[in-house]
Amino acid sequence: MSATRITAVFGGGGAKAAAQIGALRALEEANLVPTRYVGTSMGGVIAAGAASGATADELSRRFRAVKVTQVARPRAFAPVAGLWFRSLLRAEPLHQTLQRLVPQRTFAELRHPLTLTTVDADTRELLTLGDGGLDFPLQDALAASTALPVYYPPHEAAGRRLVDGGLRAVLPLDVAAQFASDLVVAVDVGPGFDEPPPAKRVRAPGLLLAHDMGEGAQLEKDGVEAHLQEALADAPQFCGEGFRLVRREWPTDIGPVDLMCRDEGDGWIAVEIKRIATIDAVEQLTRYLERIRLDPAMAECRGVLAAQQIKPQARTLAEARGIACVEVDLAVVRGEREPDLVLFG
């Protein structure tokens, strides 16, 4: 391989981020040593470890030594206090663990250039930290990039409230494209929509389990979802006022989105349908939208997540990404019963 400038890009994905350590090992075996790293969320932590010079085996040992209690320590009375608290989990244990995993304090101490991403919670702007971005202490950058809303509070630094970079770019390829490279190796650990579920589940290390963003939503349509998709295809107005169906199973290069519609202004709308929508469903629709928007004619395509039940965390993440959420009742869509009356909308 003649490539001398190799950029490795590691995305978010909660427990699935563990696969990126395996990708590092594969690069080592192929004698492909990245000269630059770009990462976000849990992928950013692994990228930071690799940029420090740690091998894949060393990173694997460090991550496997972390216990869930060292990163996922609930706030007292959190189940009772609910939204009165800034987050369900305390941030301090996570920050202490990040310092043990990546002991360097500054980006300058790393062996290779590293760029992390985060999102300004107030402006929703995607920010880059480290090489080519804002000058932040490394530990602040890691804390900001992993501050997953609902679970952890925003990380406050430089007068900003910063949250998980995966909210705006699960796989920060646009950031990596800013740097000159002979080869870019990107690891997307999102769900493989065309793959069957594994025969045996493997328990991930504590840090990755604690930072997992979903509840293992079923990506294949079960009976209810299939019926719901069929019913909404016949009555797309339940997904949004004035919606009209263009096609079911709109193809993308990573799998089909359930419905492609047009709205009253003739704008494109991609609709993903679930029985129960969790954060995994939001991640799935986000990736569909990323692929659909590569077509200049559909660059403004919006997303709608339709489900009989939408988990609060999924709704929070969807709204942060500009995805509309609609709860629908299959019986109502089919006309089998009248919708429930609401006195005050």
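The values are calculated or read from the model by the stated rules, or taken from the named source; none is laboratory data. The structure presented is a predicted model; accordingly, all values stated were derived computationally and were not measured. Counting neighbours? That spans all protein chains shown, and the Cβs are built from the backbone with ideal geometry, glycine included. Remember, those area values only see protein heavy atoms, side chains included, never the ligands or the DNA or RNA. Shrake-Rupley method; radii C 1.70, N 1.55, O 1.52, S 1.80 Å.
Every residue, every condition in (1) at pLDDT 90 or above; (2) not in a helix (DSSP H, G or I), yes or no:
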| residue | (1), (2) |
| --- | --- |
| D280 | no, no |
| Y288 | yes, no |
| E300 | yes, yes |
| G303 | yes, yes |
| Q309 | yes, yes |
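Looking at segment 226-237, is at least one residue modelled with pLDDT of 50 or more, under 26 Å from G44 (Cα atoms) and not in a loop (DSSP other than H, G, I, E, B)? No: segment 226-237 contains no residue that is modelled with pLDDT of 50 or more, under 26 Å from G44 (Cα atoms) and not in a loop (DSSP other than H, G, I, E, B).
Condition first: over 18 Å from the mean Cα position of the chain (by Cα) and aliphatic (A, V, I, L, M). Can you find one or more residues in segment 36-46 that meet it? So far as segment 36-46 goes, no, none of its residues is over 18 Å from the mean Cα position of the chain (by Cα) and aliphatic (A, V, I, L, M).
Residues of segment 265-289 that are in contact (Cβ under 8 Å) with a residue 24 or more places away in the chain and of a type in the set (D, E, K, R): E272, K274, R275, D280, E283, R287.
So, of the residues in segment 33-91 that are small (G, A, S) and open to solvent by 60 Å² or more (accessible area, probe 1.4 Å), which turns out to be modelled with the lowest pLDDT? Looking at the filtered set, the residue picked out is A76.
Residue-wise test of (1) open to solvent by 30 Å² or more (accessible area, probe 1.4 Å); (2) modelled with pLDDT of 95 or more; (3) under 21 Å from E283 (Cα atoms).
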| residue | (1), (2), (3) |
| --- | --- |
| T106 | yes, yes, no |
| E109 | yes, yes, no |
| V119 | no, no, yes |
| Y152 | no, no, yes |
| R160 | yes, no, no |
| A169 | no, no, yes |
| D182 | yes, no, no |
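Of all residues in segment 222-238, at least one satisfies being open to solvent by 10 Å² or more (accessible area, probe 1.4 Å), free of Cβ contacts under 8 Å to residues at least 24 places away in the same chain, among the hydrophobic types (A, V, I, L, M, F, W, C) and under 23 Å from R315 (Cα atoms). Here I254 meets the list (1) modelled with pLDDT of 90 or more; (2) open to solvent by 10 Å² or more (accessible area, probe 1.4 Å); (3) within 22 Å of the chain's Cα centre (by Cα); (4) not charged (D, E, K, R) almost entirely, failing just condition (1).
Among the residues of this structure, A144 does not count as one that is open to solvent by 50 Å² or more (accessible area, probe 1.4 Å) and hydrophobic (A, V, I, L, M, F, W, C). Each residue in segment 315-333 was checked for being touching a residue at least 60 places away in the same chain (Cβ under 8 Å) and exposed (fewer than 15 other Cβ atoms within 10 Å of the Cβ), and 0 pass.
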